Amino acid sequence: VQLQASGGGLVQTGDSLRLSCAASRGSFSAYGMGWFRQAPGKEREFVAAIRRYGGTTSYADSVKGRFTISRDNAKKTGYLQMNNLKPDDTAVYYCAAGTPILSEIAATRGYHYWGQGTQVTVSS
């Protein structure tokens, strides 16, 4: 499956953005989906994940209550709604698809397919 992330941009503290992840060439609903981010000079870190058919979601503590992950399998698209953005949220955001076991849902090794990333910059 191929993934294309979009929706990033330059916003101010407190603003909102919605990222999208469009899938092609494969069965999107066969995979769990995750969002990760990587800031300059830092490791790629887990943001959020959602199981194949939605319902069960997981979030990093740093984004709980502000970000919401969702998916529309009919449209082969996943989303990350980001509210109350902070400068620390500045990073390149990547969507990923795979079949992680529960213990790997927040680990990059749990995902087989990756999008190209979309830049999110939050100014103070």
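The values are calculated or read from the model by the stated rules, or taken from the named source; none is laboratory data. Source: prediction; values computed, not measured. Heads up, the Cβs are rebuilt from the backbone with ideal geometry, glycines too, and the neighbour counts pull from every protein chain shown. Calculation scope for accessible area: heavy atoms of the full protein, side chains included, ligands and nucleic acids excluded. Shrake-Rupley method; radii C 1.70, N 1.55, O 1.52, S 1.80 Å.
Does the range 53-60 contain at least one residue that is part of a loop (DSSP other than H, G, I, E, B), touching a Lys or Arg at 6+ places or on another chain (Cβ under 6 Å), free of Cβ contacts under 8 Å to residues at least 40 places away in the same chain and open to solvent by less than 70 Å² (accessible area, probe 1.4 Å)?
Yes: one or more hits.
Among the residues that make up the range 58-68, is at least one of them out of contact with any helix residue (DSSP H, G or I) (no Cβ under 9 Å at 6 or more places or on another chain), at pLDDT 95 or above and under 17 Å from Gln2 (Cβ atoms)?
So far as the range 58-68 goes, no, none of its residues is out of contact with any helix residue (DSSP H, G or I) (no Cβ under 9 Å at 6 or more places or on another chain), at pLDDT 95 or above and under 17 Å from Gln2 (Cβ atoms).
Tell me, yes or no, whether the range 77-98 has at least one residue that is farther than 17 Å from Gly8 by Cα, open to solvent by 50 Å² or more (accessible area, probe 1.4 Å) and in contact with a strand residue (DSSP E or B) (Cβ under 9 Å, 6 or more places away or on another chain).
no
Inspect all residues belonging to the range 32-45 and state whether any of them is of a type in the set (A, V, I, L, M), free of Cβ contacts under 8 Å to residues at least 40 places away in the same chain and in a strand (DSSP E or B).
Checked against the condition, which is being of a type in the set (A, V, I, L, M), free of Cβ contacts under 8 Å to residues at least 40 places away in the same chain and in a strand (DSSP E or B), the range 32-45 yields no hits at all.
If I ask for residues that are closer than 15 Å to Met33 by Cβ, within 15 Å of the chain's Cα centre (by Cα) and free of Cβ contacts under 8 Å to residues at least 60 places away in the same chain, which ones from the range 70-111 would you list?
Those that are closer than 15 Å to Met33 by Cβ, within 15 Å of the chain's Cα centre (by Cα) and free of Cβ contacts under 8 Å to residues at least 60 places away in the same chain: Ser70, Arg71, Asp72, Lys76, Thr77, Gly78.
Do you know which of the residues in the range 99-124 that are within 25 Å of Gln12 (Cβ to Cβ) and of a type in the set (Ser, Thr, Tyr) is most open to solvent (accessible area, probe 1.4 Å)?
My answer is Ser124.
I'm checking my understanding of the structure. Among residues of the range 1-23 that are part of a strand (DSSP E or B) and open to solvent by 50 Å² or more (accessible area, probe 1.4 Å), which one is nearest to Ala91 (Cα to Cα)?
Top of the filtered list is Leu10.
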